[in-house]
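To start, the structure itself, in structure tokens.
What follows draws every value from the coordinates through simple rules; no lab data is involved. If you're wondering where the values come from, they're calculated on a predicted model, not measured in any experiment. As a convention, Cβ positions derive from the backbone with ideal geometry for all residues, glycine included, and neighbour counts pool all protein chains shown.
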Amino acid sequence: MERSVDFGHVLVVIDYRTGRVRCRVPGRSPAPVPAPRASWGSAEHPAGLECPRAPWAVSAAAALATVFAVKGAGPRSTAMHRMTAVVRTAASTCRRPATPEQARAAVLAVRRAAWLSPGRTACLEESVAVVLLLAMRRLSVVWCHGVAPDPVRLHAWVQTVDGALVAEPGSTRSYTPVLAIGDRRDH
């Protein structure tokens, strides 16, 4: 499944089956140019500085371990597809929206667990783990994956069902959502 965002000066195409990102610059070449080596993002936030309540901490570690297992359970070229499939499955089990406080507690717990994690934990892993953590309690948030131009950068985050960012800096608003999972209008 491919999604794209046209910023006028660059068209960014993301293939969610392979995780491949391409950029097409108008007037430059008819064929898409590979995007700079895509980092699936990171953002500035006070990771691990706030301690979550103990019940969230153990579940957060389990959710993060699940994310690492899913991401590593097949070819690297299809890891993004596996991650979005897990988010869709988890979102389908949720019965009620998480409150902003519950969502924030989940994000902080996952960030804290990430400090102790031996694996790479950036926004993709973190946001998927938050969705899983909340789904364990049948609570929903909207998982978002977006792109920002100049330079082209990718970011994944969660927000409440009413659209409020959860424990994210205001700069996250500079990303155009390309894929949102968990929203009733799921696009």
With +1 at each Lys and Arg Cβ and -1 at each Asp and Glu Cβ, the charge dipole magnitude of segment 40-181 around its Cα centre, to the nearest 20 debye, comes out at 460
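Between beta-carbons, use under 14 Å as the cut-off and find the net charge around Thr176, counting Lys and Arg +1, Asp and Glu -1.
On the way: positive: Arg3, Arg153, Arg173; negative: Asp6, Asp150.
With Lys, Arg at +1 and Asp, Glu at -1, the net is +1.
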A correct Karplus calculation of ³J(HN,Hα) over segment 120-126, with 6.51 cos²θ - 1.76 cosθ + 1.60, θ = phi - 60°, whole Hz and x for Gly and Pro, returns 5, 10, 10, 4, 5, 4, 4
Both in Å, the radius of gyration and Dmax of the C-alpha trace of segment 40-181 are 13.8, 41
Sorted on mean Cβ neighbours within 10 Å (highest first), peptides 62-70, 16-24, 115-123 come out as 62-70, 16-24, 115-123
